[in-house]
Amino acid sequence: MITKEQATKNLDTLITKVEAARLRVSEHHIVKIIGISKYSTSQDVAALYEVGQRAFGENKVQDLKEKSSDLNDLPLEWHFVGRLQKNKINNLIDLNPMLMHSLDSLELAQELNSKLEAKNKTMACLLQINSAKEDSKAGVMPEVALQTYKTILENYPNIKLKGVMSIGAHSEDRNEIKASFETTKKIYDELKPLGAKYCSMGMSGDFELAIACGSNMIRVGSSLFKN
Ligand SMILES: *Cc1c(COP(=O)(O)O)cnc(C)c1O
């Protein structure tokens, strides 16, 4: 279990780095931190809450359900960042996540929209872009991202698109990772006139680079929850 001292240290260290990185972009560049709690317990999330963190994310619907229910008394904001299996769509809808980062295909958009419609609900989502074109990653290809975004806006009204999400290239080469972030940022800029507000990119190993490339939402797990 993470101690209060450790939680304070982890969050302070992260905030200091994020602050420096965002100021290198602009004093008006605000970056939101989502604590990814997938390898941690509800107690650990409560410890991070106690020292000031409010937004958390999970990559499995079942884990999101358990932790959000355990911590129901705390004013937390929950995000979903993982691959959404079709048979879990209704469960996710019932959990009312603040933001779903991983809408990764038109097919999923269609399924999600029809299930939202049936429940008379909406969900804020980000379109996931496979900016490094990796077989191992989900998301739409950069070339079709703009058109896919428009198609969802026009055809699936229960999905409230708020921007884009990417995972940095799986590489040791900073330039490759940077190029993948720049690809996503360029698409995000093109989508701003269509209402895009969030560019979710950057994790424990690459959030400073992601912020330098224009990310305004980072998803940090291991470095925030480390013991
Ligand atoms: C696990 C995960 C993260 C956090 O990764 P860390 O390297 O532990 O910071 C961010 N985004 C997604 C989609 C994840 O699955």
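Values quoted throughout were computed directly from the atomic coordinates according to the rules given, and no laboratory measurement underlies them. Bear in mind the structure is a predicted one, so any value in this text is a computation, not a measurement. Glycine gets a Cβ as well: all are built from the backbone with ideal geometry, and neighbour counts include every protein chain shown.
Distance between the 7 Å Cα→Cβ label points at Ser69 and Ala179: 4.6 nm. Annotation: lysines with alpha-carbon distance below 24 angstrom to Lys192 (same-chain offsets under eight excluded): Lys32, Lys133, Lys150, Lys160, Lys162, Lys178. Here the label points at Glu5 and Val51, each 7 Å from Cα along the C-beta direction, are separated by 1.1 nm in the simple model.
In sequence order, the range 82-92 has phi-based couplings of x, 5, 9, 6, 4, 6, 10, 4, 4, 4, 5 Hz under the Karplus curve 6.51 cos²θ - 1.76 cosθ + 1.60, θ = phi - 60°, and Gly or Pro positions carry x.
A simple spin-label model places pseudo-atoms 7 Å from Cα toward Cβ; at Ser204 and Lys121 they are separated by 3.1 nm.
Rounded to the nearest 0.05, the FRET efficiency derived from the C-beta distance between Ser42 and Asp94 at R0 = 22 Å is 0.70.
Taking other residues whose beta carbon is less than 15 angstrom from the beta carbon of Lys192, and scoring Lys, Arg as +1 and Asp, Glu as -1, yields +3. Between the residues Ile129, Thr151, Asn59, the greatest Cα displacement towards the positive end of the dipole of the range 4-225, with unit charges on the Cβ of Lys, Arg, Asp and Glu, is found for Thr151. Cα centroids of the range 1-45 and the range 150-183: how far apart, whole angstrom? Each part reduced to its Cα centre gives a spacing of 22 Å.
Among rounded, prolate and oblate, which fits the chain when a ≥ b ≥ c are the square roots of the eigenvalues of its C-alpha gyration tensor, a/c under 1.5 means rounded, and a/b larger than b/c means prolate?
oblate
With a 10 Å radius around each residue's Cβ, average the other Cβ atoms per peptide and rank 96-109, 168-181, highest first. Please list the in-between numbers first.
Details: 96-109: 19.8, 168-181: 16.6.
Per-residue mean Cβ counts within 10 Å order the peptides as 96-109, 168-181.
Between the beta carbons of Arg24 and Asn155, assuming R0 = 45 Å, the FRET efficiency works out to 0.70 to the nearest 0.05.
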